[in-house]
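As structure tokens, the structure follows; a few thoughts come after it.
Computed from the coordinates by the stated procedures, all read-outs in this text should not be read as laboratory data. Here the structure is a predicted model, which is why all the values come from computation and not from measurement. Virtual Cβ from ideal backbone geometry, glycine too; neighbours counted across all protein chains shown.
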């Protein structure tokens, strides 16, 4: 990955963080809102064939922006995204298809599992800090968050795939 592409991705992390914390907070369904930064991080980690060091760097950048705009300390999102990125790469390497190296049938279940893990662990972290109460509303919030984020990520999957194929041909 070249420096220009890396800087664009970091800028998109920042822009998506501002967008999800200013504009998309008004469109939450039962408390479940879009997590655009997680979606972008997952797409980049899923499609890029680069080293694990790049995944750790991108996870740190995405987690930093998520933590800056949250009610917690800096660190939980960074750690969770690093773990998710490394687990995604190891799961992806065992599920590679020879014809299509990025099939949607692998993307969506992995996305749902890792987003669910991220949401549950962050909710437990906020509960541990005393900032949130775990209740039925948390379960409903996570379900609607999974649905909204999965639909949005599915659309972005094909968009990102077309863009990456276009730039690979150049």
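See the values below:
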quantity: Approximate spin-label separation residue 52-residue 139, in nm, with each point projected 7 Å along Cα-to-Cβ; calculated: 3.6
quantity: Mean Cβ neighbour count within 10 Å, used as a protection proxy, ranking 106-117, 156-167, 74-85 highest first; calculated: 74-85, 106-117, 156-167
quantity: Simple spin-label estimate for residue 95 and residue 166 in nanometres, 7 Å along Cα-Cβ; calculated: 2.7
quantity: Length gained when the stretch residue 159-residue 10 is fully extended (0.36 nm per residue, less Cα-Cα span); calculated: 51.8 nm
quantity: Rough spin-label spacing in nm, given labels placed 7 Å along Cα→Cβ, for residue 108 and residue 124; calculated: 2.8
